[in-house]
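First up is the structure itself, then whatever we jot down about it.
The values are calculated or read from the model by the stated rules, or taken from the named source; none is laboratory data. It should be emphasised that the depicted structure is a prediction, and the values quoted were computed from it without experimental measurement. Positions of Cβ are generated from backbone atoms using ideal geometry, with glycine treated the same way; all protein chains shown enter the neighbour counts. SASA here: full protein model, heavy atoms, side chains in, ligands and nucleic acids out. Shrake-Rupley method; radii C 1.70, N 1.55, O 1.52, S 1.80 Å.
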Amino acid sequence: MALQIVSILLSALLTENFVMVKFYGICPFLGVSKKIETAFGMGMAVTFVMALASVFTWIANKFLLIPLELGYLQTILFILIIAGLVQFVEMFIKKSMPSLYNALGIYLPLITTNCAVLGVTLLNVQNYPDSFMFALLYGIFAALGFTLAIVLMAGIREFLDEDAVPESLRGFPITLITAGLMAIAFMGFSGFSIG
């Protein structure tokens, strides 16, 4: 069991990273990765939403959709659950951390349509239909992988802002080049496995 948990952790963080390997959640990855603090705040918001979405969608699927044979409503129900969670997170951040709320801007409500969040819920019910714990851990670890990628990108972008980047590459071009090089680096983990 411990080996399977470590395998899920390494898979979600490195070998199947949602941003760097599966290319889910690129919009906030590119949009909110200008400053480390903002990137970390977005990562924590996504982690909270992914963890709770993993819990609620797994429960809804196991005890509502499957018994009532309503599997065709899975995507719609999951999006509604995610939207409700994002509203809660948005209200909490707006009330408790207004500067982070302003820094995240439009990207905070866009967590609702972030394909990484919907992707983790769909993968959970597909890969861990009988294990609530593994589904929850996968949701948390996948979100931490998202946070790792966005914080690394923010650190590199902060460094590049202070460096002498040619005029033609400043801004978005160097960001895309950096993202591509990071994706290649994460692909290097693809042969890594446990057990």
Within the stretch 80-97, tally of residues that are open to solvent by 70 Å² or more (accessible area, probe 1.4 Å) and either touching a Gly at 6+ places or on another chain (Cβ under 9 Å) or over 13 Å from ALA45 (Cα atoms) (or both): 3
Could you check, for the stretch 16-30, whether at least one of its residues is more than 17 Å from the chain's Cα centre (by Cα) and either assigned to a helix (DSSP H, G or I) or modelled with pLDDT of 90 or more (or both)? no
Quick check, is PHE172 open to solvent by 50 Å² or more (accessible area, probe 1.4 Å), on the phi < 0 side of the Ramachandran plot and out of contact with any strand residue (DSSP E or B) (no Cβ under 9 Å at 6 or more places or on another chain)? yes
Has the stretch 49-71 got any residue that is within 21 Å of MET153 (Cβ to Cβ), touching a residue at least 24 places away in the same chain (Cβ under 8 Å) and in a helix (DSSP H, G or I)? yes
Given the conditions (1) more than 19 Å from the chain's Cα centre (by Cα); (2) open to solvent by less than 70 Å² (accessible area, probe 1.4 Å); (3) of a type in the set (Ser, Thr, Tyr), and given that TYR72 satisfies all but one, which numbered condition is not satisfied? (2)
What number of residues within the stretch 107-121 satisfy the criterion of being open to solvent by 20 Å² or more (accessible area, probe 1.4 Å), over 15 Å from GLU16 (Cα atoms) and not hydroxyl-bearing (Ser, Thr, Tyr)? 3
Picked from the stretch 164-190 (must be over 22 Å from the mean Cα position of the chain (by Cα) and small (Gly, Ala, Ser)), the residue farthest from LYS34 (Cα to Cα) is SER168
Take LEU77 and decide whether it is aliphatic (A, V, I, L, M) and either at pLDDT 90 or above or in contact with a Pro (Cβ under 6 Å, 6 or more places away or on another chain) (or both). yes
If we scan the stretch 121-144, do we find a residue that is touching a Lys or Arg at 6+ places or on another chain (Cβ under 7 Å) and closer than 18 Å to VAL32 by Cβ? no
